[in-house]
Amino acid sequence: MNTPLTPTTSSTTATATTQAIWDRTLAKLRFRHGDATFNSWIKPLNFKSASATEFGISAPTRFIREWVATHYLADIETYLKEEMPQLLRVELQVASDNTNAAVTQDHETAIKSEAIYSGAGPAAVQKDDGKLVSLESVSSPLDPRLTFENFVVGKSNELAYTAARSIADSSSVMGGSNPLFLYGGVGLGKTHLMHAIALHIAKTRPTQKVVYLSAEKFMYMFIRALRNKDIMTFKEQFRSVDVLMIDDVQFICGKDSTQEEFFHTFNALIDNHRQLVISADRSPNNLEGLEERIRSRLGWGLVADINSTTYELRLGILQSKAEKLDVKVPAEVLEFLAQKITSNVRELEGALNKVVAHGKLLGREITLEYTQVTLSDLLRTSQRMVTVEDIKKAVADHCNVRLADMHSERRARYIARPRQMAMYLSKKLTPHSLPEIGRKFGGRDHTTVMHAVRKIEELMVQDKELENDIGLLTRMLQS
Ligand code: ADP
Ligand code: MG
């Protein structure tokens, strides 16, 4: 895989200068991208060789190479060109030195002809000692819809997706990303990515043994084995696995003996160059009730977070799901849902399914109005939380006063009235108490807030314009 680079003008001075160019380039990259990015992605790169027109860099793993190629290579080229005006090509390759090759080989010979996921795979496998171990009992079933093809990628899940994808594509263990630790809030796609890895490997490399299970199931199996005094079999089940995926490990936090066993299984597999994929609802650092050495080991590989969705991603997901339905869902309905249901992808899917199912059942066309009525309950609960800050901004904007005047001591009517409106809206639209609201308005007393609320209520009765303004601001803030 190592295509030789254009030979260098291999005088020591040339190498020394190019190394210096590389060092300066690194410094610029660090400045531009910050320490965290630099340490994860750019620092592991090494200068390999250079001529006047070419510059060769190596990355320790394929994954790092791919990530750098799509995210930082353009910058690397720009900075190198500043010093090497004749530069035509930057070559980024994987440092496939002997250690890496050894890993691959070792791994290949370890693969047994076992398949648990391919549709035709055997339900049980003959172990070396002739004992039958039911593999189906180890692994949880996979949902065939949770594929990479059905996963919509956006900024918030790009890193997790790319990492999962490269594990699924790579037949050898990827040094820099073992274990792969996926974390993010509920319903953001962790389980989907794990299933996608398993489905992809089952399809492309059916001889590899992939086990996917929830941490809860792992724990349950472990406890059952303890009870039956059959820990050996329990261990045996995991020993020959090529890719082990354990979902929702936050469940084994605080469960000491399960944790311990998990750790041993984990270490044994990593030491044997098997791939591990772990998910949790929070980062390794934030997993409470987990022993320190386990926590730190979980973070050794690649830690990839899935952030909350953006509007664009939500719309993309809805469009992709809607395409697969046999009814037509108008674009404005999808846009409406993407705007309103922001909590997570599971809820988003649920809302779309509900509208479609109702529509079908009642033989109704799916319109925006129909959607609003069908989902009215759901929409009320998932209404966006309005903050006092949002309110202050909206009111200041609307009434043409400075945001700072929301806190200021000034009592002029043209400032005091908007401030009272903002306090009134804060009381109506947020769960904050009167004293809390007072504090957020420049440390005012709760009686001031109470007075403001009453005042606006009174005024609205006589002042149609004020009533309209409040109505408008309320709708705007809640949309
Ligand atoms: P988690 O395990 O993080 O709680 P899941 O993987 O179970 O979340 O995802 C919840 C639902 O949302 C699943 O039906 C999944 O298919 C869907 N989903 C999540 N992210 C995406 C995405 N990026 N593209 C398509 N579907 C997604
Ligand atoms: Mg999950």
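The values are calculated or read from the model by the stated rules, or taken from the named source; none is laboratory data. As the structure is a computational prediction, the values presented were derived from the model and not from experiment. Here the Cβ positions follow ideal geometry from the backbone for every residue, glycine too, while neighbour counts run over all protein chains shown. Heavy atoms of the whole protein, side chains included, go into the accessibility calculation; ligands, DNA and RNA do not. Shrake-Rupley method; radii C 1.70, N 1.55, O 1.52, S 1.80 Å.
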The strands (runs of 3 or more DSSP E) lying wholly within the range 35-99 that contain at least 2 residues that are in contact with a Leu (Cβ under 6 Å, 6 or more places away or on another chain) and open to solvent by less than 40 Å² (accessible area, probe 1.4 Å) are 54-59
Of the residues in the range 409-454, those that are buried (at least 16 other Cβ atoms within 10 Å of the Cβ) and either not in a helix (DSSP H, G or I) or not assigned by TED's automatic domain parsing to the domain that holds VAL395 (or both) number 4
Where in the range 315-405 are the helices (runs of 4 or more DSSP H), entirely inside, with at least 2 residues that are modelled with pLDDT of 90 or more?
-> 331-340, 345-362, 368-374, 388-399
Tell me, which residue of the range 325-342 that is closer than 25 Å to THR310 by Cβ and charged (D, E, K, R) is most open to solvent (accessible area, probe 1.4 Å)?
-> GLU332
Scanning the range 343-362 residue by residue, the ones that are without any contact (Cβ under 8 Å) to a residue 24 or more places away in the chain, open to solvent by less than 70 Å² (accessible area, probe 1.4 Å) and more than 25 Å from PHE151 (Cβ to Cβ) total 0
With the checklist (1) in a loop (DSSP other than H, G, I, E, B); (2) open to solvent by less than 20 Å² (accessible area, probe 1.4 Å); (3) within 13 Å of ligand 2 (Cβ to nearest atom); (4) of a type outside the set (A, V, I, L, M, F, W, C) in hand, flag the one item GLN208 doesn't pass.
-> (3)
Could you check, for the range 219-232, whether at least one of its residues is under 15 Å from ALA280 (Cβ atoms) and under 19 Å from the mean Cα position of the chain (by Cα)?
-> no
Which numbered condition trips up PHE251, out of (1) in contact with a strand residue (DSSP E or B) (Cβ under 9 Å, 6 or more places away or on another chain); (2) within 12 Å of ligand 1 (Cβ to nearest atom); (3) not in a strand (DSSP E or B)?
-> (2)
What is the residue count in the range 267-314 for residues that are in a helix (DSSP H, G or I) and within 28 Å of LEU337 (Cα to Cα)?
-> 4
Of all the residues that make up the range 183-193, how many are more than 9 Å from ligand 2 (Cβ to nearest atom) and touching a helix residue (DSSP H, G or I) at 6+ places or on another chain (Cβ under 8 Å)?
-> 3
With (1) modelled with pLDDT of 85 or more; (2) part of a helix (DSSP H, G or I); (3) in contact with a helix residue (DSSP H, G or I) (Cβ under 6 Å, 6 or more places away or on another chain); (4) of a type outside the set (D, E, K, R) as the list, and THR258 as the residue in question, which single condition is left unmet?
-> (1)
Within the range 380-408, track down each residue that is open to solvent by less than 40 Å² (accessible area, probe 1.4 Å) and touching a Ser or Thr at 6+ places or on another chain (Cβ under 9 Å).
-> SER382, VAL386, VAL388, ILE391, LYS392
Within 15 Å of ligand 1 (Cβ to nearest atom), among the hydroxyl-bearing types (Ser, Thr, Tyr), in contact (Cβ under 8 Å) with a residue 60 or more places away in the chain and surrounded by 20 or more Cβ atoms within 10 Å (Cβ to Cβ) - does that describe any residue in the range 178-185?
-> yes
Scan of the range 265-282 for residues that are within 16 Å of ligand 2 (Cβ to nearest atom) and either open to solvent by less than 50 Å² (accessible area, probe 1.4 Å) or more than 21 Å from LYS190 (Cα to Cα) (or both), ordered by number = VAL277, ILE278, SER279, ALA280
If ALA196 passes every condition in (1) within 16 Å of ligand 2 (Cβ to nearest atom); (2) under 22 Å from TRP300 (Cβ atoms); (3) modelled with pLDDT of 90 or more but one, which one does it miss?
-> (2)
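Each row is one residue, and each column tells you yes or no for (1) more than 14 Å from ligand 1 (Cβ to nearest atom); (2) in the same structural domain as LYS354 (by TED's automatic domain parsing); (3) within 17 Å of the chain's Cα centre (by Cα).
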position: VAL277; (1), (2), (3): no, no, yes
position: PRO284; (1), (2), (3): yes, no, yes
position: LEU287; (1), (2), (3): yes, no, yes
position: ARG297; (1), (2), (3): yes, no, no
position: LEU302; (1), (2), (3): yes, no, yes
position: LEU318; (1), (2), (3): no, yes, no
position: LYS324; (1), (2), (3): no, yes, no
